[in-house]
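Engineer: Structure in structure tokens, see below.
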């Protein structure tokens, strides 16, 4: 079984979450970090390492942030600690349906200039040690135009050398100057991607109203090799070459908090696919994990009870072989 060295690029922030009116819990989070943690939880039974790539401050919050993900098995070898800088902060409210309302303070976050610091050149060179890189549309949106350009140039080099690029669209309109800017940047990454994850809402926005089989056709034309179209509690659709497969979502008795549903789905799916699980089985395990996540409060849910482990991925790989 070929080992996986996975690097995930993005921003971790200080998270303030409203537990109940007037009661707040402080933790840390971010879309790609959530994915990193769910990947790392699979690594105990699989030949894989997971590392997070970002820039943070030299302050105590940043130190505790790194400790937080290291305890989950996510490495920090390529995390830049920048004196005088600070991490961003966000506040999460959830409504009675479990849907999230976010409030952000990230304008001076260290991660925004992730690839412009004196240490960044060496970091970019070290990306070659990974055989897979994961990033999201939020990663791209929060970077300055210069950092974004530097990163995409490096990703093109890595993809040409056989490094797998995994991309979750995670489109947030307010992080972009315009939808045209987002579409242009996304198109560059589609062309490099082994797997692209997006929702039906994102497809409508980013692909000019594309839906159903159109989504697979459009993204394949743009260079993506495997597309996973998510539709909330409805089946997801997987497009590979000229094939299309729908996989029902996991059953959820009560949605408590939708935070990290897509992040956990992506982490399980890409890991399962890397190690050889069939697309349908990978999606089934990803759905089951996401269903468990939305049944709990917070982005990083308790390990106990998570329905999918690295052993399950090993089992489906052996059965397929």
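The values are calculated or read from the model by the stated rules, or taken from the named source; none is laboratory data. A quick note: this is a predicted structure, and the numbers were derived from the prediction, not measured. Every residue, glycine among them, receives a Cβ derived from its backbone with ideal geometry; neighbour counts consider all protein chains shown.
Listed here are the residues, each with its yes/no results for (1) touching a residue at least 24 places away in the same chain (Cβ under 8 Å); (2) within 25 Å of residue 270 (Cβ to Cβ).
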site: 61; (1), (2): yes, no
site: 67; (1), (2): no, no
site: 73; (1), (2): yes, yes
site: 81; (1), (2): yes, no
site: 85; (1), (2): yes, no
site: 94; (1), (2): yes, no
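Engineer: For region 147-175, give me the residue count where each residue is assigned to a helix (DSSP H, G or I) and without any contact (Cβ under 8 Å) to a residue 40 or more places away in the chain.
Structural biologist: Total meeting the criteria: 16.
Engineer: Filtering region 176-185 down to residues that are part of a helix (DSSP H, G or I) and free of Cβ contacts under 8 Å to residues at least 40 places away in the same chain, which residue is surrounded by the most Cβ atoms within 10 Å (Cβ to Cβ)?
Structural biologist: Only one residue tops the list, namely 183.
Engineer: Right, another one. Only one of (1) farther than 23 Å from residue 152 by Cβ; (2) assigned to a strand (DSSP E or B); (3) more than 16 Å from the chain's Cα centre (by Cα) is not met by residue 1, so which one is it?
Structural biologist: The single condition residue 1 does not satisfy is (2).
Engineer: When you go through (1) in a loop (DSSP other than H, G, I, E, B); (2) more than 19 Å from residue 195 (Cα to Cα) one by one for residue 276, which number turns out not to apply?
Structural biologist: Status for residue 276: all satisfied but (2).
Engineer: Same structure, new question: Cβ-Cβ under 6 Å, sequence separation 6+ or interchain: first residue in region 246-273 and on the phi > 0 side of the Ramachandran plot and free of Cβ contacts under 8 Å to residues at least 40 places away in the same chain, partner buried (at least 20 other Cβ atoms within 10 Å of the Cβ) and outside any loop (DSSP other than H, G, I, E, B). Which pairs?
Structural biologist: From region 246-273, no pairs qualify.
Engineer: Would you check if residue 173 is touching a strand residue (DSSP E or B) at 6+ places or on another chain (Cβ under 7 Å), over 23 Å from residue 128 (Cβ atoms) and surrounded by fewer than 18 Cβ atoms within 10 Å (Cβ to Cβ)?
Structural biologist: Criteria not met by residue 173.
Engineer: With (1) in a helix (DSSP H, G or I); (2) free of Cβ contacts under 8 Å to residues at least 60 places away in the same chain; (3) in contact with a helix residue (DSSP H, G or I) (Cβ under 8 Å, 6 or more places away or on another chain) as the list, and residue 313 as the residue in question, which single condition is left unmet?
Structural biologist: Only one criterion in (1) in a helix (DSSP H, G or I); (2) free of Cβ contacts under 8 Å to residues at least 60 places away in the same chain; (3) in contact with a helix residue (DSSP H, G or I) (Cβ under 8 Å, 6 or more places away or on another chain) is unmet by residue 313, namely (2).
Engineer: Can you tell me how many residues within region 28-59 are surrounded by fewer than 20 Cβ atoms within 10 Å (Cβ to Cβ) and farther than 16 Å from residue 111 by Cα?
Structural biologist: 5
Engineer: Among the residues of region 104-146, write down those that are part of a strand (DSSP E or B) and buried (at least 18 other Cβ atoms within 10 Å of the Cβ).
Structural biologist: 109, 132, 133, 134, 135, 136
Engineer: Name the single residue, out of those in region 83-103 being crowded, with 19+ Cβ neighbours inside 10 Å and closer than 14 Å to residue 55 by Cα, that is farthest from the chain's Cα centre (by Cα).
Structural biologist: Looking at the filtered set, the residue picked out is 85.
Engineer: So if I check each of 56, 50, which one is part of a strand (DSSP E or B), within 23 Å of residue 170 (Cβ to Cβ) and either free of Cβ contacts under 8 Å to residues at least 12 places away in the same chain or more than 17 Å from the chain's Cα centre (by Cα) (or both)?
Structural biologist: So the residue among 56, 50 that is part of a strand (DSSP E or B), within 23 Å of residue 170 (Cβ to Cβ) and either free of Cβ contacts under 8 Å to residues at least 12 places away in the same chain or more than 17 Å from the chain's Cα centre (by Cα) (or both) is 56.
Engineer: Checking the structure you have, find out if any residue of region 276-284 is at pLDDT below 95, buried (at least 17 other Cβ atoms within 10 Å of the Cβ) and touching a strand residue (DSSP E or B) at 6+ places or on another chain (Cβ under 9 Å).
Structural biologist: Checked against the condition, which is being at pLDDT below 95, buried (at least 17 other Cβ atoms within 10 Å of the Cβ) and touching a strand residue (DSSP E or B) at 6+ places or on another chain (Cβ under 9 Å), region 276-284 yields no hits at all.
Engineer: Any residue at all in region 192-199 that's closer than 21 Å to residue 149 by Cα, at pLDDT 95 or above, touching a strand residue (DSSP E or B) at 6+ places or on another chain (Cβ under 6 Å) and surrounded by fewer than 20 Cβ atoms within 10 Å (Cβ to Cβ)?
Structural biologist: yes
Engineer: If we scan region 91-101, do we find a residue that is within 27 Å of residue 158 (Cβ to Cβ) and either part of a loop (DSSP other than H, G, I, E, B) or touching a helix residue (DSSP H, G or I) at 6+ places or on another chain (Cβ under 7 Å) (or both)?
Structural biologist: no
Engineer: Restricting region 214-238 to residues that are touching a strand residue (DSSP E or B) at 6+ places or on another chain (Cβ under 6 Å) and part of a helix (DSSP H, G or I), which is surrounded by the fewest Cβ atoms within 10 Å (Cβ to Cβ)?
Structural biologist: 215
Engineer: Name the residue that is modelled with the lowest pLDDT, counting only residues in region 239-260 that are within 16 Å of residue 280 (Cβ to Cβ) and out of contact with any strand residue (DSSP E or B) (no Cβ under 8 Å at 6 or more places or on another chain).
Structural biologist: So the residue we want is 250.
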